[in-house]
Amino acid sequence: MSNARLKVVLTRRLPDAVETRMRELFDAELNLKDIPFDRAALEAAVQRADVLVPTITDEIDAGLIAGAGDQLKMIANFGAGVDHIDIDAAVARQIIVTNTPGVLTEDTADLAMSLILAVSRRIVEGAQVVAEGRFEGWTPTWMCGRKLWGKRLGIVGMGRIGQALARRARAFGLQVHYHNRKPVSPRIEEELGATYWDDLDQMLSRMDVISLNCPATKDTHHLLSGRRLGLLQPQAILVNTARGELIDEAALAEAVARRALSGVGLDVYENEPAIHPGLIGRPNVVLLPHLGSATLEARQDMGDRVILNVMTFQNGHRPPDRVIPAML
C-alpha cells in the first residue's frame with residue numbers, strides 16, 4: 001500500500017477510544033448518529049471507501065460487492081460472524097475480508113450459561129413477580145424450576161465459545177456432550193469430560209439442555225427444524241446465543257405453545273430484530289436483545305482487532321484475522 005492514509009468508513013458507532021484511534025491512524029469516516037446504513041448508504045460507502053468496517057446488521061452481498069469501486073480493498077468486519085458478507089464475491093474482486101475472533105468468546109459463553117440458569121431456575125419470571133408486587137412470601141411448591149447438577153448438556157458447535165461454555169457447565173455439575181463437524185482433540189475432550197456425538201439427532205433426543213454455539217452457514221440454516229425440535233425431551237431446555245437462523249423460529253413457537261419442551265432462552269432471532277410473536281410473553285421463554293458480546297471490554301477488544309487488521313493491511317502484510325471461503 002502507498003503511504004496515503006486509508007479511507008475507512010464505519011457503518012455504526014463504535015466505542016469512543018476505538019473511533020479516536022481510527023481518526024489518528026486513518027482517514028476515518030464515523031457514523032456519529034449511529035443510524036444503520038440503508039442499501040443506498042452502503043452502495044455509496046463502497047464507492048468511496050478503501051476499507052469498509054461493517055457490523056452484523058449490514059448485508060454485504062454479491063450485488064453490493066459487484067458495485068463497489070476499484071479502490072475498495074478490504075472489508076474489516078466488527079464482529080466474529082461473517083455470514084452477512086458474501087466471502088466468495090469478495091475474493092473474486094480481490095477484496096480482503098477480516099473479522100474479530102476470540103475476543104468475545106468468554107462473554108458469549110457467560111451469556112449462554114446465564115440463559116441456561118435463567119430458564120432452568122425461572123429467574124426472569126421470579127424477578128417480574130417481585131417487580132409487580134406479587135410476592136407474598138415463600139411457599140414450598142411455588143416457582144419451582146429444574147435442578148442443573150447432574151443433567152446432560154448438549155453443545156452444538158464445539159469451537160471457542162462451545163468449549164468456554166463447557167468449562168462453565170462443568171462447574172455447575174453438568175455432564176458435557178457435543179456435536180461438531182469432527183471431534184475435538186483427545187486432550188480437550190479429556191479436559192472437558194466431553195462425549196462426542198457424530199449424529200445430531202441421537203444427541204438431541206438424549207439431552208436435558210441444548211446450547212447452539214455454531215456459525216450460520218448454508219448447512220446450518222434451520223439446523224433445528226421442526227422435525228429436530230420434535231426430538232427434544234419434554235423437560236429439555238433450548239438456548240441459542242449463536243445465530244437466529246439456526247432455528248426454525250415458527251416451528252419453535254409452535255413447540256413452545258404445545259409444551260413440547262420445558263423452556264427456551266434466546267439472544268438471537270431468525271428475522272432480527274423482529275421476534276416471532278408466539279415466543280413473546282411466554283413465562284418459560286427468556287428473550288434477550290442480542291447481548292452476547294455486549295460488555296465494554298469485548299466491544300473495545302473487537303475495535304482493537306479491527307484496527308490491527310487494517311493497520312497490518314496498510315503496512316503491506318497479511319491481516320491476522322483474514323477470512324477465506326475454506327474456513328467457513
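The values are calculated or read from the model by the stated rules, or taken from the named source; none is laboratory data. Keep in mind that what you see is a predicted model, and the values were worked out from it rather than measured. All Cβ positions, even for glycine, are placed from backbone atoms using ideal geometry, and neighbour counts span all protein chains on display. Only protein heavy atoms, including side chains, enter the accessible area calculation; ligands, DNA and RNA are left aside. Shrake-Rupley method; radii C 1.70, N 1.55, O 1.52, S 1.80 Å.
Key figures for this structure:
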{"quantity": "Options Glu43, Glu24, Glu29, Glu59: the member that is over 27 Å from the mean Cα position of the chain (by Cα) and free of Cβ contacts under 8 Å to residues at least 40 places away in the same chain", "calculated": "Glu24"}
{"quantity": "The stretch 291-328 - residue that is touching a residue at least 12 places away in the same chain (Cβ under 8 Å) and among the charged types (D, E, K, R) and, of those, most open to solvent (accessible area, probe 1.4 Å)", "calculated": "Glu297"}
{"quantity": "Criterion: in a helix (DSSP H, G or I), at pLDDT 95 or above, closer than 24 Å to Ser262 by Cα and of a type in the set (A, V, I, L, M) - qualifying residue of Met207, Met203", "calculated": "Met203"}
{"quantity": "Residue under evaluation Val285, criteria (1) within 16 Å of Leu115 (Cβ to Cβ); (2) within 18 Å of the chain's Cα centre (by Cα); (3) aliphatic (A, V, I, L, M), criterion not met", "calculated": "(2)"}
{"quantity": "Any hit, the stretch 49-57, residues being farther than 21 Å from Glu272 by Cβ and loosely packed, with under 13 Cβ neighbours inside 10 Å", "calculated": "no"}
{"quantity": "Hits in the stretch 3-37 - residues which are assigned to a loop (DSSP other than H, G, I, E, B), in contact with a helix residue (DSSP H, G or I) (Cβ under 7 Å, 6 or more places away or on another chain) and closer than 13 Å to Gln71 by Cβ", "calculated": "Leu6"}
{"quantity": "All positions within the stretch 58-80 that are part of a loop (DSSP other than H, G, I, E, B), within 16 Å of Ile324 (Cβ to Cβ) and either modelled with pLDDT of 95 or more or open to solvent by less than 20 Å² (accessible area, probe 1.4 Å) (or both)", "calculated": "Lys73, Asn77"}
{"quantity": "Which listed residue is out of contact with any Phe, Trp or Tyr (no Cβ under 9 Å at 6 or more places or on another chain) and touching a residue at least 40 places away in the same chain (Cβ under 8 Å), from Leu231, Leu153, Leu223", "calculated": "Leu223"}
{"quantity": "Subset of the stretch 216-231 that is part of a loop (DSSP other than H, G, I, E, B) and more than 22 Å from the chain's Cα centre (by Cα) - its residue that is surrounded by the fewest Cβ atoms within 10 Å (Cβ to Cβ)", "calculated": "Gly230"}
{"quantity": "Failed item, numbered, when Glu125 is tested on (1) open to solvent by less than 50 Å² (accessible area, probe 1.4 Å); (2) without any contact (Cβ under 8 Å) to a residue 60 or more places away in the chain; (3) charged (D, E, K, R)", "calculated": "(2)"}
{"quantity": "The stretch 13-28: number of residues that are open to solvent by 50 Å² or more (accessible area, probe 1.4 Å) and out of contact with any Lys or Arg (no Cβ under 7 Å at 6 or more places or on another chain)", "calculated": "7"}
{"quantity": "Hits in the stretch 176-215 - residues which are open to solvent by 20 Å² or more (accessible area, probe 1.4 Å) and of a type in the set (Phe, Trp, Tyr)", "calculated": "Tyr196, Trp197"}
{"quantity": "Residue list for the stretch 92-121, restricted to those being open to solvent by 10 Å² or more (accessible area, probe 1.4 Å) and part of a loop (DSSP other than H, G, I, E, B)", "calculated": "Arg93, Gln94, Asn99, Pro101, Gly102, Val103, Leu104, Arg121"}
{"quantity": "Among the candidates Gly157, Gly150, Gly173, residue that is open to solvent by 30 Å² or more (accessible area, probe 1.4 Å) and within 25 Å of Asn284 (Cα to Cα)", "calculated": "Gly150"}
{"quantity": "Which listed residue, of Ala40, Ala89, is in contact with a helix residue (DSSP H, G or I) (Cβ under 9 Å, 6 or more places away or on another chain), surrounded by fewer than 19 Cβ atoms within 10 Å (Cβ to Cβ) and either at pLDDT 95 or above or part of a loop (DSSP other than H, G, I, E, B) (or both)", "calculated": "Ala89"}
{"quantity": "Residue within the stretch 269-289 that is hydrophobic (A, V, I, L, M, F, W, C), under 16 Å from Arg13 (Cα atoms), at pLDDT 95 or above and not in a loop (DSSP other than H, G, I, E, B) present", "calculated": "no"}
{"quantity": "Matching residues in the stretch 232-248 - criterion: being over 26 Å from Cys144 (Cβ atoms) and either open to solvent by 10 Å² or more (accessible area, probe 1.4 Å) or assigned to a strand (DSSP E or B) (or both)", "calculated": "Ala242, Arg243, Glu245, Ile247, Asp248"}
